Amino acid sequence: MNLPLSLTINGVRRDIVLDDPRVTLLDLLRERLDLTGTKKGCDRGQCGACTILVDGRRINSCLALAVSHDGAEITTIEGVGSGGELHPVQAAFIAHDGFQCGFCTPGQIMSGIGLIQEGQAGDDPERVRECMSGNLCRCGAYQGITEAVLEAQSDMTASKQRRSA
Amino acid sequence: MMNFDYVRPASVADAIAAGSEKGASYLASGTNLLDLMKGGVSRPSRLVDVTRLPGLDRIEHLADGSLRIGALVRNADLAHDAEFARNYPAVAEALLSGASAQLRNAATVGGNLMQRTRCAYFYDAGSACNRRWPGAGCDALKGENRLHAVLGWSEGCIATHPSDFCVPLVALDAIVEIEGKGGRRELPLEALHRLPGETPERETALERGDLIVALRLPSEAQGFARHARYIKVRERTSYAFAVVSAAAALRIVDGKIREARLALGGVAAKPWRAREAEQVLAGAAPDAAAYREAARAALAGAKPSGDNAFKIELAQRILVRALTLAAAGTPDRIPALPGSPFSSVAGA
């Protein structure tokens, strides 16, 4: 069965023909498109390492069939920085030691970007922790992760206000 | 994962034709189904992708004051709809207490209703399970069963229904709209999920090909908005299924409870409406003695199915807690830790 689909991945349109309907977005990115920044942790929607943005929303790419997402716009960790500049969430993770081994970090950062776009947590650390609970960190860098998300959000809000001023 | 044919029908009628064939399964976002397929628990030979069906992703206010929620509305979109959260706060709180932000962004309303039990023996293809394999037996009966059912279970199955969303929904008399081979019909949500009895493999009242297209909340459901909470005990504060949970919704008039709606989660194979407890509260003063009596009534028929006698007491305490918090008044904003009895928000 040949299944054609077209995705926009990090701003680039990709026309793909799948030979197997079982391919998840995660496996498509990693195994077929060589975008290995998105990590496979549990592969069952429990750890969040595979978090990407689909049409601007963070989801677990391990529990999403690629073929069902024909036409979607996808952002992965490879697509968040621009021209050698880190995304503010990436920079804040470095500044706050938001990781140790780094395996969960792409998922944490994509989840943080999604959270900031959702705009539900505000500057309340408890709401940030709750909204990040779908991303596990085996090294236990949660303190730094929470601080990084809060700082990035505050920086992004401030620079948005500067731009509109 | 077993291979399957993939079809993406353009209309509800085509979807039902495709979904009525033997071995077919509907696919919405797949957050539960793909997990089950990866584990070899679900083995559909055909997936009928319903995510592009037109008109099922809307929230509509109907002329009779009821609210119609399309089956493809995403859990997060519903919970964050400001008007929805204001009118049905316990439902929004239940949604936000479930799963993770990523899963809520993907998972649909219809899919939430159709999610399967999280019993570890159901998930383990190497264990005996009457749901997976009728007549195979139930390894949970003599296994790790401290989280299993205390109400409505049978020797055939002691699993619980995992949904948070469904708990306040049954309390508020939600209705499920179904399209099938015989046309459209509707069912109280309370009648959608079945208790196991002799046929645990028959989990819902749906027939082959039936597709949930919408969920409806009747106009009376808004009448509980000022006094409604969902409280959920988990083994960790976030991103965990309920050990037990309770939805409490009250109409308080002149200092007395005019009407109470109560339901429990994590205790049975279905979201458990506690009508006896509601009757205890009707006309009563909203005080601790009444809540305790109601909680006793709600669990009067409970019995342990294993190492889970503690859930009978815990469910009563959670029901009392949910009633106490509901009577104190729905908070202006859903607490930072939705549904948690450990929320740091003052008064919660």
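Each value in this text was obtained by applying a stated rule to the coordinates, not by laboratory testing. The shown structure was predicted, so the numbers you read here are calculated from the model rather than taken from an experiment. Neighbour counts run over all protein chains shown; Cβ positions are idealised from the backbone, glycine included.
For the range B:117-133, in order, what is each residue's ³J(HN,Hα) by Karplus, 6.51 cos²θ - 1.76 cosθ + 1.60 with θ = phi - 60°, in whole Hz (x at glycine and Pro)?
Each residue's phi maps through the Karplus curve to give 4, 9, 3, 5, 7, 5, 6, 9, 4, x, 9, 6, 8, 5, 6, 6, 9 Hz.
Give the average, rounded to an integer, of partner chain Cβ atoms located within 10 angstrom of each Cβ in B:25-34.
4
Using Cβ counts within 10 Å as a stand-in for footprinting exposure, how do A:MET156, A:MET1 rank, fewest first?
Taking fewest neighbouring Cβ atoms as first place, the list is A:MET1, A:MET156.
Can you give the Kirkwood hydrodynamic radius of the range B:217-271 from its Cα pairs, in Å with one decimal? If you can, show how the numbers build up before the last one.
Numbers: mean 1/r = 0.0790 Å⁻¹.
In the range B:217-271 this quantity evaluates to 12.7 Å.
If packing is taken as the mean number of other Cβ atoms within 10 Å per residue, what is the order of A:21-28, A:91-98, highest first?
Going by the mean number of other Cβ atoms within 10 Å, highest first, we get A:21-28, A:91-98.
In whole Å, how far is the Cα centre of the range B:275-331 from that of the range A:81-109?
47
Order of B:ASP307, B:ASP139 from fewest to most other C-beta atoms within 10 Å? It would help to have the intermediate numbers written out before the result.
Working: B:ASP307 13, B:ASP139 19.
Fewest-to-most ranking of B:ASP307, B:ASP139: B:ASP307, B:ASP139.
Within 10 Å of each Cβ in A:55-63, how many Cβ atoms from other chains are there, averaged over the peptide?
For peptide A:55-63, the averaged partner shielding equals 6.
Across all directions of projection, what mean area in square nanometres is found for the Cα convex hull of the protein assembly as shown? Don't jump to the answer; show the numbers that get you there.
Values: hull surface 99.3 nm².
Mean projected area of the Cα convex hull: 24.8 nm².
Pick from B:LEU211, B:LEU34, B:LEU95: which residue has the top mean-square fluctuation in a GNM of chain B where Cα pairs under 10 Å get a spring?
Highest fluctuation of the listed residues: B:LEU34.
Of A:VAL54, A:VAL67, B:VAL253, how do they rank once you tally other Cβ atoms within 10 Å and put the fewest first? Don't skip to the answer; put the middle values down first.
On the way: A:VAL54 19, A:VAL67 24, B:VAL253 9.
Ascending Cβ contact count within 10 Å gives the list B:VAL253, A:VAL54, A:VAL67.
Just the number, please: Stokes-Einstein D of the range B:5-52 in µm²/s, Kirkwood Rh from C-alpha pairs, 25 °C, 0.890 mPa s.
Details: Rh = 10.8 Å.
Reported coefficient: 228 µm²/s.
Place a +1 charge on the Cβ of each Lys and Arg in the range B:224-343 and a -1 charge on the Cβ of each Asp and Glu, then give the dipole magnitude about the Cα centre in debye, rounded to the nearest 20.
220
Output the peptides B:80-92, B:266-278, A:3-15, B:146-158 sorted from most to least packed, where packing is the average of other Cβ atoms within 10 Å over each peptide's residues.
So the peptides B:80-92, B:266-278, A:3-15, B:146-158, ranked by packing, come out B:266-278, B:146-158, B:80-92, A:3-15.
In this model, which of B:LYS142/B:LYS232; B:LYS270/B:LYS311; B:LYS232/B:LYS303; A:LYS40/A:LYS160 are farther than 22 Å apart at the alpha-carbon? Walk me through the intermediate numbers first.
Values: B:LYS142/B:LYS232 26 Å; B:LYS270/B:LYS311 16 Å; B:LYS232/B:LYS303 20 Å; A:LYS40/A:LYS160 33 Å.
Table pairs above 22 Å Cα-Cα are B:LYS142/B:LYS232; A:LYS40/A:LYS160.
Mind checking which lysines have their Cα closer than 17 Å to the Cα of B:LYS181? Skip sequence neighbours fewer than 8 apart in that chain.
Correct list for B:LYS181: B:LYS22.
Largest first, please: the extent of the C-alpha atoms of the range B:201-306 along each principal axis, to the nearest Å.
Projected onto its principal axes, the Cα set of the range B:201-306 covers 49, 38, 29 Å.
Place the peptides B:225-236, A:32-43 in order of packing, highest mean first, counting for every residue the other Cβ atoms within 10 Å and averaging per peptide.
Highest mean packing first, the order is B:225-236, A:32-43.
Might you report the magnitude of the Cβ-based charge dipole of the range A:21-79 about its Cα centre, with Lys and Arg at +1 and Asp and Glu at -1, to the nearest 20 debye?
The dipole of the range A:21-79 has a size of about 260 debye.
Nearest 20 debye, what's the magnitude of the dipole of the protein assembly as shown about its Cα centre given +1 on Lys and Arg Cβ and -1 on Asp and Glu Cβ?
Magnitude of the dipole: close to 700 debye.
Within the set of other residues whose C-beta is less than 13 Å from the C-beta of A:CYS42, count the net charge using Lys and Arg as +1 and Asp and Glu as -1.
Net local charge, A:CYS42 excluded: +3.
Taking beta carbons within 10 Å but only from partner chains, what does the mean come to for residues B:235-241?
Average per residue, whole number: 3.
Per the helix-only calculation at 222 nm, which mean residue ellipticity applies to chain B, given -39500 (n - 2.57) for every DSSP H run of n ≥ 4 and division by its residues, nearest 500 deg cm²/dmol? It would help to have the intermediate numbers written out before the result.
Values: 12 runs with 93 residues, N = 348.
Value at 222 nm, helices only: -7000 deg cm²/dmol.
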